[in-house]
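The values are calculated or read from the model by the stated rules, or taken from the named source; none is laboratory data. Owing to the predicted nature of the structure, the values given are computational and were not obtained by experimental measurement. Heads up, the Cβs are rebuilt from the backbone with ideal geometry, glycines too, and the neighbour counts pull from every protein chain shown.
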Amino acid sequence: MNHYETVFILNPVLSETQIKETVEKYEDFLVSRGAKMVSKEDWGLKKLAYPIQNKKSGFYHLFEFTVDGKVINELEVEFRRDERFMRYLTVKLDKHAISWAERRRTKLKQKA
C-alpha cells in the first residue's frame, strides 16, 4: 500500500450539492477498492492562474489516502470521463512528504 495525495479542481458552475455528491462519489470509489482515507480537505473556490475551459476559478479539493498502485490508474480514468473535473494531479508521497503532510494537518487542526 502506497501513500498518495490527489488534488482536483471542479467546475465552478456546480452547486454545493453537486460538489458534495462528486466528492463523496470519488471517496466511495477509492474506499470500495481498498483505499484508507487519511485526510480530506475542501479548499473552496479559488481563482486559477490561467483560464481552463474558459473558466477563471474552480473548487479545489484534496484527498490523502493509502491504496495499491493499480487503483490510481482506474481513478484517473474516472476523472477523465467526468466532465465536472477541470484538472487533477495524483502524487505518490515519500516518507518526507508524509511527515510534512502530517505537520500541515496538525497545524490546520490547531487553527480551527
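Miscellaneous remarks
- Filter pass, Val7 being at pLDDT 95 or above and outside any strand (DSSP E or B): no
- Inside the range 34-44, residues that are farther than 18 Å from Leu108 by Cβ and either modelled with pLDDT under 95 or among the small types (Gly, Ala, Ser) (or both) make up a count of 2.
- In summary, Lys46 fulfils each of the numbered conditions (1) surrounded by fewer than 16 Cβ atoms within 10 Å (Cβ to Cβ); (2) more than 21 Å from Glu16 (Cβ to Cβ) with the single exception of condition (2).
- Single residue of Ala35, Ala49, Ala97 found to be small (Gly, Ala, Ser) and within 15 Å of the chain's Cα centre (by Cα): Ala35
- Every condition in (1) farther than 22 Å from Thr106 by Cα; (2) buried (at least 17 other Cβ atoms within 10 Å of the Cβ); (3) out of contact with any Pro (no Cβ under 9 Å at 6 or more places or on another chain); (4) without any contact (Cβ under 8 Å) to a residue 60 or more places away in the chain holds for Phe59 except the one numbered (3).
Condition check ((1) over 19 Å from Asp42 (Cα atoms); (2) not in a helix (DSSP H, G or I)) across all residues:
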position	(1), (2)
Phe63	no, yes
Glu74	yes, no
Glu102	no, no
Leu108	no, no
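- Residue list for the range 1-28, filter: in contact (Cβ under 8 Å) with a residue 24 or more places away in the chain, farther than 21 Å from Ala97 by Cα and either among the charged types (D, E, K, R) or surrounded by 15 or more Cβ atoms within 10 Å (Cβ to Cβ) (or both): Ile9, Leu10, Asn11, Pro12, Leu14, Ile19, Thr22, Val23, Tyr26, Glu27
- Pair list, Cβ under 7 Å, 6 or more apart: the range 79-99 residue surrounded by 11 or more Cβ atoms within 10 Å (Cβ to Cβ), other residue among the β-branched types (Val, Ile, Thr) and outside any strand (DSSP E or B): Arg84/Thr22; Thr90/Ile72
- Scope the range 62-78; condition in contact (Cβ under 8 Å) with a residue 40 or more places away in the chain and over 19 Å from Ile98 (Cα atoms); matching residues: Val71, Glu74, Leu75, Glu78
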